[in-house]
Amino acid sequence: KQEVTQIPAALSVPEGENLVLNCSFTDSAIYNLQWFRQDPGKGLTSLLLIQSSQREQTSGRLNASLDKSSGRSTLYIAASQPGDSATYLCAPLGQGGSEKLVFGKGTKLTVNP
Amino acid sequence: NAGVTQTPKFQVLKTGQSMTLQCAQDMNHEYMSWYRQDPGMGLRLIHYSVGAGITDQGEVPNGYNVSRSTTEDFPLRLLSAAPSQTSVYFCASSYIRGAGEQYFGPGTRLTVT
């Protein structure tokens, strides 16, 4: 059964810092991996989808990398802003042909002005 | 496209009542799923469907029923609501079964008293 761990569980940084969020998963036979953000009381917003043939995906100040062999993905946020404050979730997709998705519990990020 | 829509946004039930949470998507996605999100537990899969007429159980299916009569709709039924079912419910869909990019609805906040 896939298990997903996100470290750290919570992170507080001053505005302007570059930061890295980590996601590790036990079953490396995945097809893709998706990162989301969730604002308090809101739904999930997709940030990046890293497909199996890619090792990185970039969108603006966000960069996500994927190392399937080691079961790890990282989300890099450059020049953090207070508006980046949210919970960030990762989800490995399609492990071993399974239709059942497992999410990490997320990293709660607070960026202080 | 409206994407994934969910109704209602909020609902209060009394113990023992039944209700149906509605989910619809207009992207012709074959894969649809239901999650519940509880503090400290993350997102947990309730039921999923890989196409019209095909459904299967996720991690926490007890107390919930689903059916998929059309590609667009995937309702979640609570047969006899219990306080333990107080949660936020999210519906998601994907073009490529469990391996594809996941699109989430805005959620339904359910309270059972």
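What follows is calculated from the coordinates using simple rules that are stated; it is not laboratory data. Just so it is clear, the model here is predicted, and its values are computed rather than measured. Cβ: placed from backbone, ideal geometry, glycine included. Neighbour counts: every protein chain shown.
Could you point to the residue in B:HIS47, B:GLY63, B:TYR35 farthest towards the positive end of segment B:1-66's charge dipole, with +1 and -1 charges on the Cβ of Lys/Arg and Asp/Glu respectively?
Going by the charge dipole, the pick is B:GLY63.
Taking the Cα centre of chain A as the origin, how large is its charge dipole in debye, to the nearest 20, when only Lys and Arg (+1) and Asp and Glu (-1) carry charge on their Cβ atoms?
Working: 10 positive and 9 negative charges, 39 e Å.
In debye, rounded to 20, chain A gives about 180.
Run through the DSSP bridge list for chain A and note the antiparallel percent, rounded to the nearest 5.
Restricted to chain A, the bridges split so that about 90 percent are antiparallel.
Please average, across the residues of A:30-42, the number of beta carbons from any other chain that are within 10 Å of each residue's own beta carbon, and give a whole number. Intermediate values should be presented prior to the final figure.
Details: counts 1, 5, 6, 0, 4, 0, 3, 0, 5, 0, 0, 3, 3.
Shielding by partners across A:30-42 averages 2.
Could you work out the mean count of beta carbons from other protein chains within 10 Å of each residue's beta carbon in B:35-45? Please list the in-between numbers first.
Numbers: counts 3, 0, 5, 0, 0, 1, 1, 9, 11, 2, 5.
Other-chain Cβ atoms within 10 Å of each residue's Cβ, averaged: 3.
With N residues in segment A:1-112, what two-decimal value do you get for its Cα radius of gyration over 2.2 N^0.38 Å? Don't skip to the end; give the middle numbers.
Numbers: Rg = 13.4 Å, N = 112, 2.2 N^0.38 = 13.2 Å.
In units of the 2.2 N^0.38 Å rule of thumb, it is 1.01.
Take A:LYS100 and B:THR113, extend 7 Å from each Cα along the Cα→Cβ direction, and tell me the distance between the two endpoints in nm.
Those two pseudo-labels are separated by 3.6 nm.
For segment B:43-113 and segment A:66-113, what is the separation of their C-alpha centers, rounded to whole Å?
22 Å
Cross-link candidates for B:LYS14: which lysines have Cα within less than 20 Å, leaving aside residues fewer than 8 places away along the same chain?
Of all the lysines, none pass the test against B:LYS14 - Cα under 20 Å, at least 8 places apart if same chain.
Given a cut-off of 26 Å, name the pairs among A:LYS68/A:LYS105; A:LYS42/A:LYS68; A:LYS108/B:LYS9 whose C-alpha atoms lie farther apart than that in the structure shown. List each step's numbers first, then the result.
Working: A:LYS68/A:LYS105 20 Å; A:LYS42/A:LYS68 30 Å; A:LYS108/B:LYS9 24 Å.
Cα-Cα > 26 Å for A:LYS42/A:LYS68; rest within.
Treat each spin label as a single point 7 Å out from the Cα along the C-beta direction, and report the A:LEU19 to A:LYS1 distance in nm.
Each label point is offset 7 Å from its Cα along the Cβ direction, giving 3.1 nm.
Tell me, what is the percent relative contact order of chain A, built from C-alpha pairs under 8 Å that lie six or more residues apart? Let's see the in-between values first.
On the way: 290 pairs, mean separation 42.8, N = 113.
Taking the mean separation of contacting Cα pairs over the length of chain A, I get 38 percent.
Need one value for A:98-108: mean number of C-beta atoms belonging to other chains within 10 Å of its residues' C-beta atoms. Walk me through the numbers before you get to the answer.
Working: counts 3, 13, 8, 13, 6, 7, 2, 4, 2, 0, 0.
Mean number of neighbouring Cβ atoms from other chains: 5.
May I ask which residue of A:LEU62, A:LEU93, A:SER46 lies farthest towards the positive end of the charge dipole of segment A:38-113, with charges of +1 (Lys, Arg) and -1 (Asp, Glu) on Cβ and the Cα centre as origin?
Positive-most Cα among the choices belongs to A:LEU93.
What FRET efficiency would be calculated for the residue pair A:TYR76, A:ASP27, taking the C-beta separation as r and a Förster radius of 22 Å, to the nearest 0.05? The partial results should precede the final answer.
Working: r = 24 Å, r/R0 = 1.08.
The value I calculate is 0.40.
Stretched out fully, how many nm does the piece from B:THR86 to B:ASP38 gain, at 0.36 nm a residue minus the Cα gap?
On the way: separation 48, 0.36 × 48 = 17.28 nm, distance 0.85 nm.
Gain on extension, B:THR86 to B:ASP38, equals 16.4 nm.
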